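Written out below as structure tokens is the structure these notes cover.
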């Protein structure tokens, strides 16, 4: 009897009910709560992977390494959504395998030995050693909470459960990550970087993952007699979020919040190039510096005359500003100049943009667009000297993101 491929016989459908339908409600609650936290960790991982790979490319000592890291950046951007989807599918499948439909999958991450089997490639050995070290750190740090969670899951299921079959254990979480990353066309160095980021942004929060799962199970009466594990030292996502909000000391010097000390050190180096922004007039009187607010007005005026990106025109900001100062001096009858501190900022920003626009890895199609940011960034730096010393300054981060996006762009990319 021919059966259409789209028609499922009733007896077959009844013979293979969904494992999820047989999972206890509390396990589905544990799964959903964990999925939410892991999703946040993956998002944080990918948000920071771009910056990490950009820094690696910037520090690369050869064009080959430079290309490898930028190709990895592009690959991650293109495949990020699929990566996260596969990871979550693996997590849900592991919970489904806990059901009473039969034995679950075998251990997906075996215990790794430093004595590799004959024929094992050096890349595979390096990855295996890194994995085993990661698993060891999680077990050493959060082994007690993990053991309690495994025992409680086994009690709910009515059968002993091995730690390596625990869907929230570090072994399976690493395996989910590796399976999700199979589509990435990156070399071993990039894979090891991604594993390190996975440890930093996902596994570092294992105590919270295990703790919340244990609380849900205890609330339903599952092994409440097990002594609760005390919270370990502050760390993980909560600490990172507090640090971003400024409640914890940042990586910037705490005594130089406005960047004045760092700027003062730079001024000593810039003293030799002062005078590049000056009116083209005979010095007939003592020059009078213009106030910072007047400088900002001049910059806003110049901003209206920046050529379009496609225009074949070299716009020299310092030269244009010098010409504008000449006009102001003629009108006022006084020689007006820029204060030393403001001129040093102008020279620093000019050097920064010269470096970006002379970088061969920045496509020519983007150089005109990036150049238009020079005056806005200069206005920010004039008002806030911490722009020059704080790597996490919002304007600095915006410029870095734009430059990284341009350097990772390819005219033949299929986005």
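Quick test for you: out of 213, 264, pick the one residue that is at pLDDT 60 or above and surrounded by fewer than 14 Cβ atoms within 10 Å (Cβ to Cβ). Matching residue, one of 213, 264: 264.
Has the range 215-228 got any residue that is under 30 Å from the mean Cα position of the chain (by Cα), touching a residue at least 12 places away in the same chain (Cβ under 8 Å) and in the same structural domain as residue 70 (by TED's automatic domain parsing)? No - not one qualifying residue is present in the range 215-228. In the set (1) surrounded by 18 or more Cβ atoms within 10 Å (Cβ to Cβ); (2) under 21 Å from residue 96 (Cβ atoms), residue 198 fails one condition alone, (2). Inside the range 131-183, residues that are surrounded by 18 or more Cβ atoms within 10 Å (Cβ to Cβ) and not in a helix (DSSP H, G or I) make up a count of 5. Looking at the range 327-387, the helices (runs of 4 or more DSSP H) lying wholly inside it that each contain 2 or more residues that are within 16 Å of residue 300 (Cα to Cα) and touching a residue at least 40 places away in the same chain (Cβ under 8 Å) sit at 340-357, 374-383. Comparison of 40, 36 shows that the only residue that is assigned to a helix (DSSP H, G or I), closer than 30 Å to residue 95 by Cα and without any contact (Cβ under 8 Å) to a residue 40 or more places away in the chain is 36.
The values are calculated or read from the model by the stated rules, or taken from the named source; none is laboratory data. None of these values were measured; they are calculated from a predicted model. We place every Cβ from the backbone using ideal geometry, glycine too, and count neighbours over all the protein chains shown.
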